[in-house]
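K.L.:
First the structure, which I've put down as structure tokens, then a few questions once you've had a look.
Computed from the coordinates by the stated procedures, all read-outs in this text should not be read as laboratory data. These numbers were taken from a predicted model, which means no experiment stands behind them. When we count neighbours, we look across all protein chains shown, and the Cβ atoms used for this are built from the backbone with ideal geometry, even at glycine.
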Amino acid sequence: MNDMRLTERTVDTTEIKIAARKVQVYYGATHANKDVDVDILDKTVTAFIGPSGCGKSTFLRCLNRMNDTISVCRVEGEILLDSEDIYDKKVDPVQLRAKVGMVFQKPNPFPKSIYDNVAYGPKIHGLTKNKAELDEIVESSLRKAALWNEVKDRLDAPGTGLSGGQQQRLCIARAVATSPEVLLMDEPCSALDPIATAQVEELIDELRENFSVVIVTHSMQQAARVSQRTAFFHLGNLVEFGETGQIFTNPSDPRTESYITGRIG
Amino acid sequence: MTMHATNMGNSLYKTDPLTKRLNAAEARFRIYGMAAVAFGVLALVGLLTSALGTGVSAFRQTFVEIPVMLDAAVLDKSGNRNPEEMAKITTIGYAKVLETAMVAELTERGLLNDRVSAKDAGGLISKEAPAQLRNMVLANPELLGTTVEFRALANGRVDGFFKGRVTMESAALDSNISPAQLELAQKMRELGLLSVSFNWGFITGPDASELRPEAAGLGVAILGSLYMMIFVLVLALPLGVAASIYLEEFAPQNRFTDLIEVNISNLAAVPSIVFGILGLAVFINFGGLPQSSPLVGGLVLTLMTLPTIIIATRAALKAVPPSIKDAALGIGASKTQTVFHHVLPLAMPGILTGAIIGLAQALGETAPLLLIGMVAFVRDYPAAPPEGFLDPAAALPVQVYNFTQRADPAFIERASGAIIVLLVFLLAMNLLAIILRRRFERRW
Ligand SMILES: Nc1ncnc2c1ncn2[C@@H]1O[C@H](COP(=O)(O)OP(=O)(O)OP(=O)(O)O)[C@@H](O)[C@H]1O
Ligand SMILES: [Mg+2]
């Protein structure tokens, strides 16, 4: 790991996009997130790392209220997006999810054409006035997701007919197409080859110009490469959260150190 | 230098005992499966041959074709061609005219002898024929005084003779027909006065009384069944699909919805005759709707079909992968958009299959219809919808039941014929289901 590069990395803003306070998540009796306090900064990439089953995906799904779809799931605490409580009674999760997009752990393209997959979001949110604009969004989104060159000749082909890695990039394009303010990515690269991974990482870096990105990853290298801030989860607790460089070079908690050096898994 | 490791006595070329056991189990299962399929196919073949064997002859019918002189002096005594006064002449008057015509024709051909009287000759013609002649004349009074070529239904026994059901021996014991009459019919056929041809009347005509099996048709029953199917389709499909979507996608999970779910499953298992009792009590006795009407029949069948459609639709909705729903919700689609844009299209083939199975079940249902009076003898066609929904009508399966209840053996053939018509409709519906499913099913 290039420690020099890490320590030089700075966070451009200090504006808080999402603030989570004392978040508790229960699946029935399972306590999946305990007292999680996280500040997601605007125009920043935040990485969530931690061993499998420690509650990274669970917490990520709280940020756009996807946990609402799980009937046994209960969320307590406070999560503010632009200082508005997203769990407030007045908040419609549909409106929230248009602002906070998501790429899921398993690729889940719609059983529709590649074009329709990407165009669906802009269509339902009325982002375009005509077909030409829609075409443009589809193309730029597919380009951002590093998929355009592979699919430009077969936009009418089914999205489910692509390879696993291509499907995941299609899902990224679909999420990007609605221009969310925050993009949540749950292990977006776990099915990708190194080249596509590099392309997606480049995309994440580009997205940082306008959005804030939260990425869950099992790859320390990836967290180190793309993120400015890193949160380490363990057994449902947020153990340590800070500048990526500091977490990887000088962790304050012994558990973090054990994990990044490969002793807890 | 390379060296090949020698295998430790377990060569891949030799099947080991475990693999042998697995293969034997698989071979056994294949045999069970094939036996089950063969049994099903055999049963189907048996059913079809029995229905077709006895029923196909219902689609052919013997007709007598003779010139009939429509004597104005007999049929229009006042002579002013006023249909109202002409209507006073009953079918008895027309029967005489037919008998006269028959005797005249047979005498001319030299077929009459002392063994067949004029009455016997007239008896070759169906008792339904005078009514048909009368209708023809009343509809068109100018025919009076002319001679028309009239195609009359032959008597059921004569028809049976040409279909092999009635023999000379059985006729000797039969008070309705004599061997001499059958010989005459045979000679008439040789001379072309009597012919066997396709029986449109069986498909389009109304039912006929016990004594006239040759005139009995399915027209009213087919119309009645069609009207009821329209009802079931228009009511049960939207209601069932809407209820399922609500229960599956929107309803909160609580005691109350659990209770509803249990009730729906139970309703699907309720014997159909119970729905008939319910229909009788609620729609006829309480609601005051007319008996024997396709409206009540349709409502009862709708109630009966709803649980089937709901269960099939819910199963189809459940089978849609949750990841697709998550994907749609994740980019900010509302619940309704998610359901209508993504879930419903994927569930469509399953929903259609369920709906058509439900409809086919409703089409073949007899018991509840017996209770709401559709077993009644109905000869008048129901009017065109919507008024026709309130007119009395029959239904195909009930017609089959009615035919089998009658004494004259000619009705056995009619009953099987009606079963064939019913099977053709069911086949057409299943075909439609397959076609629709192919169109909606996009496997990608
Ligand atoms: N739908 C669910 N119902 C019940 N329990 C769940 C559900 N989803 C997750 N859990 C539980 O919550 C805990 C955290 O799961 P989560 O998916 O957040 O882990 P994760 O950190 O994302 O793991 P991974 O890295 O393997 O994806 C686990 O113990 C899991 O069993
Ligand atoms: Mg996860």
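K.L.:
Calculated FRET efficiency, A:S258 and A:Q24, Cβ-Cβ r, R0 22 Å, to nearest 0.05? Provide the component values of the computation, followed by the final result.
P.N.:
Details: r = 25 Å, r/R0 = 1.15.
Efficiency, from the Cβ-Cβ distance: 0.30.
K.L.:
Now a separate question. Could you let me know the centre-to-centre spacing of the stretch B:213-270 and the stretch B:142-197, using Cα atoms, in angstrom?
P.N.:
What the calculation gives is 48 Å, centre to centre.
K.L.:
When the gyration tensor of the stretch B:61-199 is built from Cα positions, what are the square roots of 5 times its three eigenvalues, in whole Å, from largest to smallest?
P.N.:
Details: eigenvalues 163, 42, 35 Å².
For the stretch B:61-199, the semi-axes come out at 29, 14, 13 Å.
K.L.:
Going by how many other Cβ atoms sit within 10 Å of their own, how do B:V196, A:V72 line up, fewest first? Before the final figure, lay out each step's value.
P.N.:
Details: B:V196 15, A:V72 11.
Result, fewest neighbours first: A:V72, B:V196.
K.L.:
Based on DSSP H runs of at least 4 residues, each adding -39500 (n - 2.57), what is the mean residue ellipticity at 222 nm of the protein assembly as shown after dividing by all its residues, to the nearest 500 deg cm²/dmol?
P.N.:
Numbers: 30 runs with 359 residues, N = 709.
Mean residue ellipticity, 222 nm, calculated: -15500 deg cm²/dmol.
K.L.:
Determine the dipole magnitude for the protein assembly as shown: charges of +1 sit on the beta-carbon of Lys and Arg, -1 on that of Asp and Glu, nothing else is charged, the reference point is the Cα centre, and the result goes in debye to the nearest 20. Walk me through the numbers before you get to the answer.
P.N.:
Details: 66 positive and 72 negative charges, 263 e Å.
Dipole size: approximately 1260 debye.
K.L.:
Distance between the C-alpha centers of the stretch A:69-87 and the stretch B:30-92? Whole Å please.
P.N.:
73
K.L.:
Evaluate E = 1/(1 + (r/R0)^6) for A:D156 and B:L239, where r is the Cβ-Cβ distance and R0 equals 41 Å; express this FRET efficiency to the nearest 0.05.
P.N.:
Values: r = 37 Å, r/R0 = 0.89.
Given R0 = 41 Å and the Cβ-Cβ separation, E is 0.65.
K.L.:
Same structure again: Find, to one decimal place in angstroms, the Kirkwood hydrodynamic radius of the stretch A:2-260, where the mean of 1/r is taken over every pair of different Cα atoms and then inverted.
P.N.:
Details: mean 1/r = 0.0534 Å⁻¹.
Taking every pair of different Cα atoms in the stretch A:2-260, averaging 1/r and inverting gives 18.7 Å.
K.L.:
Show log10 I(q)/I(0) for the stretch A:52-124 at q = 0.15, 0.16 Å⁻¹, two decimals, from a solvent-free Debye sum over equal Cα scatterers.
P.N.:
-0.63, -0.71
K.L.:
Binning every alpha carbon pair distance of the stretch B:129-245 at 5 Å from zero, what are the percents per bin?
P.N.:
Cα pair-distance distribution for the stretch B:129-245, in percent: 2, 9, 13, 15, 14, 14, 9, 7, 5, 4, 4, 3, 2, 1.
K.L.:
Using only the Cα atoms of chain B, what do you get for the radius of gyration and for Dmax, in Å?
P.N.:
In order Rg, Dmax, the Cα atoms of chain B give 31.3, 125 Å.
K.L.:
Same structure, new question: Could I have the simple spin-label model distance between B:V148 and B:S175, label points 7 Å from Cα toward Cβ, reported in nm to one decimal?
P.N.:
3.4
K.L.:
Out of B:G417, B:P271, B:L184, whose Cα points farthest toward the positive end of the dipole of chain B (charges: +1 Lys, Arg; -1 Asp, Glu; placed on Cβ)?
P.N.:
B:P271
K.L.:
Continuing with this model, one more query. Using only the Cα atoms of the stretch B:219-440, construct the convex hull and provide its projected area averaged over every direction, in square nanometres to one decimal. List each step's numbers first, then the result.
P.N.:
Values: hull surface 55.6 nm².
Spelled out: convex hull of the Cα atoms, projected over all directions, averaged, 13.9 nm².
K.L.:
Turning to a different aspect of this structure: Determine which aspartates and glutamates satisfy two conditions relative to B:K88: a Cα distance under 15 Å, and not lying fewer than 8 residues away in the same chain.
P.N.:
Reachable aspartates and glutamates: B:D76.
K.L.:
Note down, for the stretch A:14-164, the three equivalent ellipsoid semi-axes (square root of 5 times each alpha carbon gyration tensor eigenvalue), biggest first, whole angstrom.
P.N.:
Details: eigenvalues 209, 67, 46 Å².
Those come to 32, 18, 15 Å.
K.L.:
Could you check what % of the DSSP bridge pairs in the protein assembly as shown are antiparallel, to the nearest 5? Before the final figure, lay out the partial values.
P.N.:
Values: 38 of 56 bridges.
The antiparallel proportion sits near 70 percent.
K.L.:
Now for a different question. Taking R0 as 60 Å, what FRET efficiency do you get between B:Q405 and A:D92 from their Cβ-Cβ distance, rounded to the nearest 0.05?
P.N.:
Details: r = 64 Å, r/R0 = 1.06.
It comes to 0.40.
K.L.:
Additional query: Can you give me the Cα centroid spacing of the stretch A:191-265 and the stretch A:146-186 in angstrom?
P.N.:
23
K.L.:
In nm², what is the average projected area of the convex hull enclosing the Cα atoms of the stretch B:1-108?
P.N.:
Numbers: hull surface 81.3 nm².
For the Cα atoms of the stretch B:1-108, the hull's average projected area reads 20.3 nm².
K.L.:
Per the Debye formula with a single identical scatterer at each Cα and no solvent contribution, what log10 I(q)/I(0) holds for the protein assembly as shown at q = 0.05, 0.06, 0.08 Å⁻¹?
P.N.:
Debye output, listed in q order: -0.48, -0.62, -0.83.
K.L.:
How many nm separate the modelled label positions at B:A43 and B:V262, each set 7 Å beyond the Cα in the direction of the Cβ?
P.N.:
My value for the distance between the label points is 3.2 nm.
K.L.:
Hey, rough spin-label estimate for B:N285 and B:K96, points 7 angstrom out along Cα→Cβ, what's it come to in nanometres?
P.N.:
Result: 5.1 nm between the two label points.
K.L.:
Still on this structure, I have one more. Given contacts defined as C-alpha pairs under 8 Å and at least six residues apart, what's the relative contact order of the stretch B:219-440, whole-number percent?
P.N.:
Numbers: 299 pairs, mean separation 67.7, N = 222.
RCO, the stretch B:219-440: 31 percent.
K.L.:
Still on this structure, I have one more. Starting from a Cα-only point model with no solvent, please compute log10 I(q)/I(0) by Debye for the stretch B:276-386 at q = 0.17 1/Å.
P.N.:
-0.83
K.L.:
Would you kindly calculate the translational diffusion coefficient of the stretch B:48-107, applying Stokes-Einstein with the Kirkwood radius from alpha carbon pairs, for 10 °C and a viscosity of 1.306 mPa s, and quote it in µm² s⁻¹ without decimals? Write out the running numbers ahead of the final one.
P.N.:
Numbers: Rh = 14.5 Å.
Answer, rounded: 110 µm²/s.
K.L.:
What whole-number volume per residue, in cubic angstrom, does the convex hull of the C-alpha atoms of the stretch B:313-376 give? Working shown, then result.
P.N.:
Working: hull volume 5.9 nm³, N = 64.
Convex hull volume per residue, Cα atoms: 92 Å³.
K.L.:
Further question on the same structure: When the chain is fully extended, how far beyond the present Cα-Cα distance does B:R109 get from B:A319, taking 0.36 nm per residue of separation? Could the numbers behind the result be given before it?
P.N.:
Working: separation 210, 0.36 × 210 = 75.60 nm, distance 7.52 nm.
Value of the extension gain: 68.1 nm.
K.L.:
With θ set to phi - 60° and the Karplus curve 6.51 cos²θ - 1.76 cosθ + 1.60, what are the ³J(HN,Hα) couplings of the stretch B:389-404 in order, to the nearest whole Hz, using x for Gly and Pro?
P.N.:
Karplus-based 3J(HN,Hα) across the stretch B:389-404 equals 5, 9, 6, x, 8, 9, 9, 3, x, 5, 5, 4, 4, 4, 4, 6 Hz.
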